[in-house]
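Read the structure below first, then the notes.
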Amino acid sequence: MPSISGSRTLYDKVLADHIVDEKLDGTILLYIDRHLVHEVTSPQAFEGLENASRQVRRPDMTLATTDHNVPTKSRKGMKDISTFVEEEDSRLQCTTLEENVKKFGVTYFGLGDKRQGIVHVIGPEQGFTLPGTTLVCGDSHTSTHGAFGAFASGIGTSEVEHVLATQCLITKRNKNMRIQVNGELAPGVSSKDVVLHAIGLIGTAGGTGCVIEFCGSAIRSLSMEARMSICNMSIEAGARAGMVAPDEVTFEYLKGKPLAPKYPSAEWDRAVSYWKSLQSDPDAKYDIDVQIDGADIAPTITWGTSPEDVVPITGVVPDPETFSTEAKKASGRRMLEYMGLTAGTKMEDIPVDKVFIGSCTNSRIEDLRAAAQVVKGRKIAPSVKRAMIVPGSGLVKDQAEAEGLDKVFLDAGFEWREAGCSMCLGMNPDILAPRERCASTSNRNFEGRQGALSRTHLMSPVMAAAAAIVGRLTDVRKLTEYKTSPHIEAFKPTPSGKPKVDERIKYDDEAQEQLADQPEDNSPHTNTIASKPEGSQGVPKFEVLKGIAAPLDRSNVDTDAIIPKQFLKTIKRTGLGSAAFYAWRFKEDGLPDPDFVLNQEPYTRSKILICTGPNFGCGSSREHAPWALLDFGIKCVIAPSFADIFFNNTFKNGMLPIVVESKDDMDKIVAEARQGKEIEVDLPNQVIRDGSSNEICKFDVEEFRKHCLVNGLDDIGLTMQLEDKICEHEKKITRDMPWLDGRAYLKRKGQGGKLAVKAAPVPKTNRGEVIQNPIDW
Ligand SMILES: CC(C)[C@H](C(=O)O)[C@@H](O)C(=O)O
Ligand code: SF4
């Protein structure tokens, strides 16, 4: 919470500058300056817009690319995406995005464009990501962009639609958490080690409900790319966002980026003076404060199936029998079995089958330079079946080739691929075979993440490079002598005396005009027309739900488990029920696993899911997770705690997530569920009852969310009622922060903010009935 004394954190300041409206219950309508879009989480959002005859409100603040599904094979001779992408479902998502960007006039970097790449690599690279902005994307690793001092957060597809239509997001204030890393990083220790170490300390739910500010001398000493790797994984710590206050390192990085304010110019100076004001005040208060001594961090690596399962590379596989609770012991045993590991094995004795250097965490030029330094003059171990380098964008690839890094990797036996998400989650053909073990620079080691039954160990680029050379998990310090952190070395100026990193992007008007290629439409797009009755559906109503409740004894249930990646390749919201918990519900031979609760009677008919462990729905922002549960028949999930994005996404689909913290209450609910009895969830009265309608416990729900659920409201329609306030905010941007108008690539110079104010739309229920007395909105 912002401190009472009036002192504010970096997050408080950025938030305050973007509030369009704030309700007494704390619900905030937040203006969004930057919206990144990719092919997986946008088709349903564009469809929603189309059905409701809505437009993209600010195409100039929206940037799209394809990244998750794209093949990383050579693009030589590629004609177009529809002949290049072989898998039908992947192709459909890619071509759907291409149709949508044309239809809605959104700037798009397609496969033939050097600027194509992973959304979280291209935003910063283009200067689309700027300090002090609010930035969203239908992707959980949007947290990456917080490295610039932006409030950057992943959202679900319903929220993508909301932002496309209104340029605003309905949200609430997060808590402030500070992770201070002081001192110097030891030689050979990367920023990836810093963030893995921090997640190991606070756990994957440690940052739930918080925005984490990373600060301290060790963070300050890092380059922008190294800071991005840290903020990237704040989602793995459960946080809503991660942030680093902008400083000279940030400004240097941004100079000359095509979409940043022109440098040098009066506008640049004005922007920098605003950006400098974004430091947290010295006496600002944090709800949670964590101190880490940089010198305590070793090259760090994961052993289990959650990013919190970390050990130093010098350590051994831990023994679950030493864990503090029965639940943790059980989950530890399960992880060792899944990972094919034995307690006590030295981490350095674990052989790897494949190596993946890439992903939005570690696919930037400095990552590749640092890895190449380890690889140079060596060969990958003969036992390694495949080692891949996947640059984060076409521009990173070009830069690496200009520096001869491709040759270093190819000579060593690595594959040199085209840009995309690739084996980070394997929505394209780059996947692991069952039980293959991978040294990976990505961010998630969940079960099945890199392919069904795949085994992932997360680590830094230099550690992954070392594993490729040795054929086992390896302490990189044995291969390369470091005097400092690998980042500092990778960021070192070239012999010519200039840093190499930014040379590829020079500011010139021509480059900026090229960005103006599309779209043609330069008129402001306001959504002031109320939806047609057959338009946007709103959410289904939720009042009282009575039904069978399935008990699930797991902690940290991630959305990859709720719906594995192969089922994300749909452009619809429906039909995912058969895929819910796919890897747990079905055995390798495709037959249902009789031990999984949803395969047992009466739970095949469950309307409620009770998860006894905390942090349900962690990981990816995929709204396919609630869609799959809903399609299965589950409308309510009860758990001790939830991950933020999943929690939000359920409400947007007319589902109710209920937090039951009390162990006593949870035990009573679970006891009913285990007997196969029905449970009653009464939202208007906020009560859970047993099958005979006796109260078990009460529960909390935010007023605004309850109101929308009980009435089945379309919250886009509600937000559109605030058109006047949104326009006011846009005028303020044009006046005070003109560099945010995005006119550089839309030939809309000077037009931002002159948006017509028309009558507010009429809020409607999902059945098209007019709401007579909507709560404020
Ligand atoms: C597809 C997308 C929703 C997802 C995410 O939100 O993280 C993906 O990027 C991932 O890494 O799992
Ligand atoms: S985490 Fe992986 S799949 Fe998700 S955006 Fe990053 S690179 Fe792509």
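The values are calculated or read from the model by the stated rules, or taken from the named source; none is laboratory data. Every value quoted in this text rests on a predicted model; they were computed, and no experiment measured them. Cβ sites come from the backbone with ideal geometry, for glycine too, and all protein chains shown count toward neighbours.
Some values worked out for this structure:
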{"quantity": "Those strands (runs of 3 or more DSSP E) lying entirely in the stretch 44-141 with at least 3 residues under 30 Å from C618 (Cβ atoms)", "calculated": "62-65, 134-137"}
{"quantity": "Unmet requirement for A218, which otherwise passes all of (1) out of contact with any helix residue (DSSP H, G or I) (no Cβ under 6 Å at 6 or more places or on another chain); (2) assigned to a helix (DSSP H, G or I)", "calculated": "(1)"}
{"quantity": "Residue in the stretch 659-678 that is more than 25 Å from the chain's Cα centre (by Cα) and on the phi > 0 side of the Ramachandran plot present", "calculated": "yes"}
{"quantity": "Condition check for V121: away from ligand 2 (no atom under 16 Å from the Cβ), β-branched (V, I, T) and at pLDDT 95 or above", "calculated": "no"}
{"quantity": "Elements of type strands (runs of 3 or more DSSP E) in the stretch 252-351, at least 2 residues being surrounded by fewer than 17 Cβ atoms within 10 Å (Cβ to Cβ)", "calculated": "288-293"}
{"quantity": "Helices (runs of 4 or more DSSP H) fully within the stretch 377-495 counting 2 or more residues that are modelled with pLDDT of 95 or more and surrounded by fewer than 19 Cβ atoms within 10 Å (Cβ to Cβ)", "calculated": "394-402, 405-412"}
{"quantity": "Count - residues of the stretch 619-639 that are closer than 16 Å to A583 by Cβ and within 16 Å of ligand 2 (Cβ to nearest atom)", "calculated": "5"}
{"quantity": "Filtered residue count, the stretch 99-118, keeping only those that are away from ligand 2 (no atom under 16 Å from the Cβ), farther than 17 Å from V160 by Cβ and among the small types (G, A, S)", "calculated": "2"}
{"quantity": "Qualifying residue in the stretch 183-196 (condition: more than 25 Å from Y482 (Cβ to Cβ), outside any helix (DSSP H, G or I) and either not polar (S, T, N, Q) or not assigned by TED's automatic domain parsing to the domain that holds C421 (or both))", "calculated": "no"}
{"quantity": "From the options L755, L746, L740, residue that is within 18 Å of I32 (Cα to Cα), modelled with pLDDT under 95 and touching a Cys at 6+ places or on another chain (Cβ under 6 Å)", "calculated": "L755"}
{"quantity": "Answer residue from the stretch 92-127, given it is out of contact with any Lys or Arg (no Cβ under 9 Å at 6 or more places or on another chain) and free of Cβ contacts under 8 Å to residues at least 60 places away in the same chain and is farthest from ligand 1 (Cβ to nearest atom) among those", "calculated": "K103"}
{"quantity": "Top-ranked residue of the stretch 408-453 - restricted to ones that are among the hydrophobic types (A, V, I, L, M, F, W, C), touching a Ser or Thr at 6+ places or on another chain (Cβ under 9 Å) and within 13 Å of R386 (Cβ to Cβ), ranked as farthest from ligand 1 (Cβ to nearest atom)", "calculated": "A433"}
{"quantity": "Residue in the stretch 152-166 that is more than 16 Å from ligand 2 (Cβ to nearest atom) and in a loop (DSSP other than H, G, I, E, B) present", "calculated": "no"}
